[in-house]
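Any read-out appearing in this document is the output of simple, stated calculations on the displayed coordinates, not a laboratory observation. Treat the numbers as computed from the prediction; the structure is a model and nothing was measured. Cβ placement follows ideal geometry from the backbone for every residue including glycine, while neighbour counts extend to all protein chains displayed.
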Amino acid sequence: MQKFCAFLRGVNVKGTNMKMADVCGIFEKSGMKDVSSVLASGNILFSSEKSEVDLKKILEQSMSEYFDYEVFIFIKDKNEIENLFGGNSFENHPEFHIYGFVGIAGIEKILMQEFEKSKKSEGEDAKIMNGNFYWKISKGNTLDSQFGKILGRKDLKNAFTSRNLNTFEKILKRLG
């Protein structure tokens, strides 16, 4: 059995409210083992013998049926999460958030193109490292920045989700 984390997009934002206990129950009913959540932002740890492709299909369908809402999930194994967390080259700074992104193949290039076209706030930056996209933004400006607004576009909702790097660190600690 392999350990995974499912990253749900848009959970508990803009009226999409999901109780993590309900989400975990759906994962268990879908055949997942060792199911637990990390934070209330849609990070579900679980074990399975199935492939990431099969898991995505099964879990998106189960979640969408239960919540009567089109759910988008991005599945990563422990090695992929370690690569994402460890690949960040931004230095921690108390006045900035650093986000890592998970999504479809090639999303890092699309995000970088959008970032390069957007107006930047002071200190805002983005990088692609080891095939992962990272974004640094001053605290309090995440949703107000031009790039932050791009992230909510409907045409990208099935392509990626993001988490603060602190969240990836918590997930890795729980994965062991």
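Some notes on this structure:
- Residue list for segment 59-74, filter: hydrophobic (A, V, I, L, M, F, W, C) and farther than 14 Å from Val23 by Cβ: Phe74
- Cβ separations smaller than 7 Å between residues 6+ apart or across chains give the following pairs from segment 79-91 residues that are within 11 Å of Leu172 (Cβ to Cβ) to residues that are of a type in the set (Val, Ile, Thr) and assigned to a helix (DSSP H, G or I): Ile81/Ile171.
- Test: residue in segment 89-108 that is at positive phi and among the acidic types (Asp, Glu): no
Residues are listed down the side, and each one gets a yes or a no for (1) of a type in the set (Asp, Glu); (2) within 30 Å of Glu122 (Cα to Cα):
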residue	(1), (2)
Phe7	no, yes
Glu28	yes, no
Glu60	yes, no
Ile75	no, no
Ile81	no, yes
His93	no, yes
Ile98	no, yes
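- Cross-chain or 6+ apart pairs with Cβ under 7 Å, segment 163-176 first and in contact (Cβ under 8 Å) with a residue 60 or more places away in the chain, then acidic (Asp, Glu): Leu172/Glu82
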